[in-house]
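Have a look at the structure below before the remarks.
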Amino acid sequence: MTKKYGDSWRFVPDYDALAIRLREEREACGFTREEVSEILEDIGSGAASQSIWNWEKAKKHITLEHLFVLACIYDVEVGYLLTGLNNYIPGKK
């Protein structure tokens, strides 16, 4: 989703849809929230299972660092998590 800020347009994620995709991708990989939390801790990007629950319920916004790491863990593109589209290129239709 894009929004106009002054004279420019900026991408603003649909956090509810992002939350759903985060949960769906975790489940598709067969991970529990606790297992994802342990993986994040092991690679030095720790997050409690409660944080993961908050991201998956759109109660709190995920950080870019965690978004990129989860995309790698789930083997999906960050653009897909943000938009639901594969090979998303901003501004291209």
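The values are calculated or read from the model by the stated rules, or taken from the named source; none is laboratory data. Here the structure is a predicted model, which is why all the values come from computation and not from measurement. Note that we place each Cβ from the backbone using ideal geometry, even for glycine, and neighbour counts take in every protein chain shown. Accessible surface is based on the protein model in full, side chains and every heavy atom, while ligands, DNA and RNA are left aside. Shrake-Rupley method; radii C 1.70, N 1.55, O 1.52, S 1.80 Å.
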Hey, what did the chain get for relative contact order, percent, Cα under 8 Å, at least 6 apart? 28 percent
Would you mind classifying the chain by shape? Square roots of the alpha carbon gyration tensor eigenvalues, ordered a ≥ b ≥ c; an a/c under 1.5 is rounded, otherwise it is prolate if a/b is larger than b/c and oblate if not. prolate
With the other protein chains left in place, how much accessible area per residue, in square angstrom, belongs to the chain at a 1.4 angstrom probe? 66 Å²
Exposure ranking of 16, 7, 42 by accessible area [1.4 Å probe, largest first]: 7, 42, 16
Expected vector for segment 67-77, Karplus 3J(HN,Hα) from phi with 6.51, -1.76, 1.60 and θ = phi - 60°, integer Hz, x for Gly and Pro, equals 4, 5, 5, 5, 4, 5, 4, 7, 6, 10, 7
Between residue 45 and residue 24, how many nm apart are label points set 7 Å from Cα along the C-beta direction? 2.1 nm
With a ≥ b ≥ c taken as the square roots of the eigenvalues of the C-alpha gyration tensor of segment 13-64, please select rounded if a/c is under 1.5 and otherwise prolate if a/b is larger than b/c or oblate if it is not? oblate
So how do 15, 74, 80 rank on accessible area, 1.4 Å probe, biggest first, that is with the largest at the start? 15, 80, 74
Suppose only helical runs count, i.e. DSSP H with n ≥ 4. What mean residue ellipticity at 222 nm does that imply for the chain under -39500 (n - 2.57) per run, divided by all residues and rounded to the nearest 500 deg cm²/dmol? -15500 deg cm²/dmol
Amide H proximity to residue 14 below 5 Å, modelled H, separation 5+ or other chain, gives none
